[in-house]
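**Q** Below is one structure. I have some questions about it.
The values are calculated or read from the model by the stated rules, or taken from the named source; none is laboratory data. A quick note: this is a predicted structure, and the numbers were derived from the prediction, not measured. Cβ: placed from backbone, ideal geometry, glycine included. Neighbour counts: every protein chain shown. Only protein heavy atoms, including side chains, enter the accessible area calculation; ligands, DNA and RNA are left aside. Shrake-Rupley method; radii C 1.70, N 1.55, O 1.52, S 1.80 Å.
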Amino acid sequence: IMMDSLCPYRLSSTEMASSAANVAKRMVGKLSPESTAMLLCDIQQRFRPLIFRGETVVKTAQYMTSVAKALNIPVVATQQYTKVFGPTVEECFADPEDLKSTPIFEKKLFSMMTDEVSEHIEKLNKSSFILFGIEAHVCLQQTALDLLERGHDVHIIVDGVSSQQPIDREIALQRLGQAGAYLTTAQSAVFMLMRSADHENFKAVSKLTVEHMKLPNEFNDALKDDKS
């Protein structure tokens with residue numbers, strides 16, 4: 001049997017180069033404000049005192065939503081069974097009015113990707129999603145996997161996600177990295193979004209960054225302690 005009969009169509013060298021370039025682009029995972037949305041997953045009042053290093057998660061969420069406002073990046077939030085777990089923590093936003101204007105979707109599905117949220121983000125027409133919230137091993141992980149399965153780039157803000165138990169957080173991050181999500185820090189993602197000090201909002205975002213760096217970061221402090 002001739003191989004050509006089994007493979008009647010062969011990619012040209014140009015097509016193969018283009019395909020390889022697309023794969024490389026997908027694997028690099030660069031961010032730009034025009035193609036990005038931020039997803040705030042279930043940072044709710046009832047969970048707040050229960051989450052491992054939860055105050056750092058809240059402060060990082062506020063930093064990310066403030067940057068989103070400065071760079072005109074849409075933010076979408078969810079709340080898991082609000083009747084039991086309460087509303088979104090107000091401090092996730094520097095300005096209470098921003099919390100009021102953010103689309104917040106009620107859910108019982110663990111993943112954020114309910115029919116309503118899926119329809120909403122489809123209208124946003126974004127290809128990259130920055131994800132932060134709780135719990136890392138349940139709602140956040142399932143959200144990320146759903147997005148990856150749909151062909152989107154997913155960036156996990158490691159200093160903005162956690163679980164009640166440290167081991168659940170640690171293994172979830174490993175699992176997500178293995179599945180193809182990009183594990184990054186808040187600052188790394190933010191400066192990638194701007195790309196250059198020539199960005200028109202560089203000064204505003206830099207000010208937000210300086211203020212955020214003044215706050216305790218329990219994840220960073222733990223690394224310092226390990227090295228001392």
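**Q** Hey, any hits in the range 53-66 for a residue that's part of a loop (DSSP other than H, G, I, E, B) and either open to solvent by 10 Å² or more (accessible area, probe 1.4 Å) or aromatic (Phe, Trp, Tyr) (or both)? Show your work before the answer.
**A** So in the range 53-66, the residues part of a loop (DSSP other than H, G, I, E, B) come out as 53.
Among the residues that remain, those that are also either open to solvent by 10 Å² or more (accessible area, probe 1.4 Å) or aromatic (Phe, Trp, Tyr) (or both) are: 53.
Looking through the range 53-66, at least one residue is part of a loop (DSSP other than H, G, I, E, B) and either open to solvent by 10 Å² or more (accessible area, probe 1.4 Å) or aromatic (Phe, Trp, Tyr) (or both).
**Q** Name the residues in the range 169-204 that are open to solvent by less than 40 Å² (accessible area, probe 1.4 Å), of a type outside the set (A, V, I, L, M) and under 24 Å from Glu218 (Cβ atoms), would you? Steps first, please.
**A** Here is the first cut: in the range 169-204, the ones open to solvent by less than 40 Å² (accessible area, probe 1.4 Å) are 169, 172-173, 176-177, 180-181, 184, 186, 189-190, 193-194.
From the residues that got through so far, the ones that are of a type outside the set (A, V, I, L, M) too are 169, 177, 180, 184.
Those that are open to solvent by less than 40 Å² (accessible area, probe 1.4 Å), of a type outside the set (A, V, I, L, M) and under 24 Å from Glu218 (Cβ atoms): Arg169, Gly177, Thr184.
**Q** Another question, if that's okay. Looking only at the range 164-215, which residues are assigned to a strand (DSSP E or B) and either over 23 Å from Thr65 (Cβ atoms) or not hydroxyl-bearing (Ser, Thr, Tyr) (or both)? Can you show your working first?
**A** Our first condition is that a residue be assigned to a strand (DSSP E or B); within the range 164-215, this holds for 182-184.
Matches in the range 164-215: Leu183 only.
**Q** To continue, here is another question. Here are the criteria: (1) exposed (fewer than 15 other Cβ atoms within 10 Å of the Cβ); (2) in contact with a helix residue (DSSP H, G or I) (Cβ under 9 Å, 6 or more places away or on another chain); (3) under 22 Å from Gly151 (Cβ atoms); (4) not polar (S, T, N, Q). Tell me which single one Pro216 does not satisfy.
**A** (3)
**Q** Still on this structure, I have one more. Of the numbered conditions (1) hydroxyl-bearing (Ser, Thr, Tyr); (2) closer than 20 Å to Thr36 by Cβ; (3) surrounded by 19 or more Cβ atoms within 10 Å (Cβ to Cβ), Ser162 fails exactly one; give the number of that condition.
**A** For Ser162, the failing item is (2).
**Q** Also, I was wondering about something else. It is to be established whether one or more residues within the range 83-91 are of a type outside the set (Phe, Trp, Tyr), free of Cβ contacts under 8 Å to residues at least 12 places away in the same chain and under 30 Å from His199 (Cα atoms).
**A** To start, the set of residues in the range 83-91 that are of a type outside the set (Phe, Trp, Tyr) comprises 83-84, 86-91.
Now narrow it down to the ones that are free of Cβ contacts under 8 Å to residues at least 12 places away in the same chain: 83, 90.
Now restrict to residues that are under 30 Å from His199 (Cα atoms): 90.
Looking through the range 83-91, at least one residue is of a type outside the set (Phe, Trp, Tyr), free of Cβ contacts under 8 Å to residues at least 12 places away in the same chain and under 30 Å from His199 (Cα atoms).
**Q** Let me ask another. For the range 123-159, give me each residue that is among the polar types (S, T, N, Q) and closer than 14 Å to Met113 by Cα. Steps first, answer last, please.
**A** So in the range 123-159, the residues among the polar types (S, T, N, Q) come out as 125, 127-128, 141-143.
Matches in the range 123-159: Gln141, Gln142, Thr143.
Residues checked against (1) within 23 Å of Val28 (Cβ to Cβ); (2) of a type in the set (A, V, I, L, M):
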position: Gly133; (1), (2): no, no
position: His137; (1), (2): no, no
position: Gln142; (1), (2): no, no
position: Arg150; (1), (2): yes, no
position: Ile157; (1), (2): yes, yes
position: Val161; (1), (2): yes, yes
position: Gln164; (1), (2): no, no
position: Glu170; (1), (2): no, no
position: Leu176; (1), (2): yes, yes
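**Q** How many of the residues in the range 103-125 are touching a residue at least 40 places away in the same chain (Cβ under 8 Å) and crowded, with 19+ Cβ neighbours inside 10 Å? Write out each step before concluding.
**A** Here is the first cut: in the range 103-125, the ones touching a residue at least 40 places away in the same chain (Cβ under 8 Å) are 112, 117, 120-121, 124.
Subsequent filtering for residues that are crowded, with 19+ Cβ neighbours inside 10 Å retains 112, 117, 121.
Qualifying residue count, the range 103-125: 3.
**Q** I've got another one for you. Please specify each residue of the range 67-90 satisfying the condition of being open to solvent by less than 20 Å² (accessible area, probe 1.4 Å) and either more than 15 Å from Val117 (Cβ to Cβ) or among the aromatic types (Phe, Trp, Tyr) (or both).
**A** Val67, Ala68, Leu71, Ile73, Gly86, Val89, listed by residue number.
**Q** Return the residues of the range 133-154 that are in contact with a Gly (Cβ under 8 Å, 6 or more places away or on another chain), over 17 Å from Arg53 (Cα atoms), touching a residue at least 40 places away in the same chain (Cβ under 8 Å) and surrounded by 22 or more Cβ atoms within 10 Å (Cβ to Cβ); say none if nothing qualifies. Don't jump to the end; show me each part of the working.
**A** Residues of the range 133-154 that are in contact with a Gly (Cβ under 8 Å, 6 or more places away or on another chain), as a first pass: 133-134, 139-140, 148, 153-154.
Now restrict to residues that are over 17 Å from Arg53 (Cα atoms): 139, 148, 153-154.
Among the residues that remain, those that are also touching a residue at least 40 places away in the same chain (Cβ under 8 Å) are: 139, 153.
Selection gives Asp153 alone.
**Q** Mind telling me which of the residues Ser188, Ser196, Ser163 ends up being modelled with pLDDT under 95 and not β-branched (Val, Ile, Thr)? Working first, answer last.
**A** Values: Ser188 fails: modelled with pLDDT under 95; Ser163 fails: modelled with pLDDT under 95.
Exactly one of Ser188, Ser196, Ser163 is modelled with pLDDT under 95 and not β-branched (Val, Ile, Thr), namely Ser196.
**Q** In the range 35-52, how many residues are in contact with a helix residue (DSSP H, G or I) (Cβ under 8 Å, 6 or more places away or on another chain) and either open to solvent by less than 10 Å² (accessible area, probe 1.4 Å) or in a helix (DSSP H, G or I) (or both)?
**A** Of the residues in that region, 10 qualify.
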